[in-house]
Amino acid sequence: MVSRREMICGASAVATIGIAGAFAGRYGFAAPAQHLASPAVPRLPASTIKLDFNIAERPTALPFLGGKTLPLLSFGDQEFPLIVRCKLGDRIVARVTNGLKNMADQVSIHWHGLRIPNGSDGVPFITQKPIEAGSTSQYDFTPPDTGTYFFHTHCNSVEHFGKGLVGVLIVEGDETTPYDADIVLAMKDWRISGEGNFLPFTTNEGAAKGGTFGTVRSVNGISRPTYDVGAGENIRLRILNVDPTRISEVGIEGAEAEVIAIDGNACPPFPLKSWRMGPAMRIDLGIKAPPAGMSAQLVDYYAPQPVVLSEFKSIPSSRAGVRNIGPLHAPHVASADLSGAERLTFAFSATATGQAISELPDTGIPLGALCLSQKSFWAINKRTWANMADMKSGPPLAELKLGRSYIFELINQTSRAHPVHIHGHTFAWLKSNLRTLPPHYGDTVLLLPKERIEVAFKADNPGNWMFHCHLLEHQETGMMGYIRVS
Ligand code: C2O
Ligand code: CU
């Protein structure tokens, strides 16, 4: 296997390979017939993408508020969400200024899903000093993988996400045939009262159960946006769940859709029926736009009644269906060596307090009555992430040897779902006791109630890496730890 480093340095194109084939041999999957092209070669010369973020509160009118503004947090003067595009091989230099007025509001930027060096990972106290109000810090890295990613702060994230402080990062270069259009669709709810003000972003009930949900659903900050697409054209949809809480089960009505990438990583394409996306998860779809005058919809089937999230209206096009789309380039993620892999088990559970609350009926006792002194509702291997600001996080959940392969067994001992995320690495999905999914890579896997999942990866990136639930209220009430790779 060619290492990631060699790939980045520009290994020349090799014959078409299939991760399906690699998976079939190593993981015992039946190999789908489709193949991926060899991993993409970074473009030369590369560019440097300079980003200048000034994180601040900016009164912003979201389209569904009829002109009324909300105090959103943003990276600069753009519409929600900020979308950054670069090409594989490009270097990103991001200057980040903390322009927040509250002196206690420290920030750092985590580049979710990117396998970059630990020093750029953006976790306060673990990988860097937080950026204090009024000060500036810089990130400088070259994304090693193509795909659909996002970035966000890593402390007080429930409030920051709630106020819209999330950006999308697209690393282009995985297409062997360009799609006719490329549409980013960031799903995020807003917690807004009838009067159009923010509601509290967290509640004890929500934090100890399935999370505190938004009241208005949106895609790209618009409720049910419509996009014009060329009839018969090949459209790439990049769908991101950047909600702090909501799990969606997305599907497409009115057009054929295939899944082409998961969490940014190209996968052997398979037809989409529906795909369950917890917070932080992404999928890329290829769809064929319907005939002119017709429309297709992005739908969430998770609710009892399917919810239309956005629409694609076909207008006449001269390019219609002329070309077939070639395969995407395979990911650069190193394969895990399963025969020599060490197996580690992680149990996701509730603490005694969390357990007590989650068993209360939804309309039950006011939680003040429980005298919650510290909000620790959730745990990994019986440990909670207590008091992050003081760094009383204790030793890592596990110590991994650099270069070794690992199988993580994730066990859900609760009745809630947990999107489990690892920093700096990418999991290969192996199996679940409850369902069968096509072979794929992901940095966030949705662990369903009572589910056991096995994932594998090669610990090839040294450092202290966060490992946590991405339902942000769970993360902030204990379901977080870190692993050390050295
Ligand atoms: Cu989006 Cu620690 O993660
Ligand atoms: Cu969780």
*In the stretch 259-291, how many are among the basic types (Lys, Arg), part of a strand (DSSP E or B) and away from ligand 2 (no atom under 16 Å from the Cβ)?*
2
*asked:* If a residue must be in contact with a Leu (Cβ under 9 Å, 6 or more places away or on another chain) and open to solvent by 20 Å² or more (accessible area, probe 1.4 Å), how many such residues does the stretch 182-200 contain?
replied: 6
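Which one of these is crowded, with 17+ Cβ neighbours inside 10 Å, at pLDDT below 90, among the aromatic types (Phe, Trp, Tyr) and within 16 Å of ligand 2 (Cβ to nearest atom): Trp378, Trp385?
Trp385 is the lone residue from the list that is crowded, with 17+ Cβ neighbours inside 10 Å, at pLDDT below 90, among the aromatic types (Phe, Trp, Tyr) and within 16 Å of ligand 2 (Cβ to nearest atom).
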*Which of (1) within 16 Å of ligand 1 (Cβ to nearest atom); (2) open to solvent by 20 Å² or more (accessible area, probe 1.4 Å); (3) among the β-branched types (Val, Ile, Thr) is the odd one out, the single condition Thr436 does not satisfy?*
(1)
*Enumerate the pairs (first residue in the stretch 140-157 and surrounded by 24 or more Cβ atoms within 10 Å (Cβ to Cβ); second residue anywhere and of a type in the set (Ser, Thr, Tyr) and at pLDDT 95 or above) with beta-carbon separation below 7 Å, excluding pairs fewer than 6 apart on the same chain, so at least 6 apart or on different chains.*
Thr153/Ser108; His154/Ser108
_Given the condition touching a residue at least 40 places away in the same chain (Cβ under 8 Å), open to solvent by 50 Å² or more (accessible area, probe 1.4 Å) and within 22 Å of Ala417 (Cβ to Cβ), answer yes or no: does some residue in the stretch 282-305 qualify?_
yes
_Considering only residues that are out of contact with any Ser or Thr (no Cβ under 9 Å at 6 or more places or on another chain), assigned to a loop (DSSP other than H, G, I, E, B) and surrounded by fewer than 17 Cβ atoms within 10 Å (Cβ to Cβ), which ones fall in the stretch 306-333?_
Pro306, Pro316, Ser318, Arg319, Gly321, Val322
*What is the residue count in the stretch 439-483 for residues that are assigned to a strand (DSSP E or B), among the basic types (Lys, Arg) and within 16 Å of ligand 2 (Cβ to nearest atom)?*
1
*Name the single residue, out of those in the stretch 403-433 being farther than 18 Å from Ala341 by Cα, away from ligand 1 (no atom under 14 Å from the Cβ) and not hydroxyl-bearing (Ser, Thr, Tyr), that is most open to solvent (accessible area, probe 1.4 Å).*
Gln413
*asked:* Looking only at the stretch 117-139, how many residues end up being within 13 Å of ligand 1 (Cβ to nearest atom) and open to solvent by less than 10 Å² (accessible area, probe 1.4 Å)?
replied: 4
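The values are calculated or read from the model by the stated rules, or taken from the named source; none is laboratory data. None of these values were measured; they are calculated from a predicted model. Cβ: placed from backbone, ideal geometry, glycine included. Neighbour counts: every protein chain shown. Heads up: the accessible areas ignore ligands, DNA and RNA and are worked out on the full protein's heavy atoms, side chains in. Shrake-Rupley method; radii C 1.70, N 1.55, O 1.52, S 1.80 Å.
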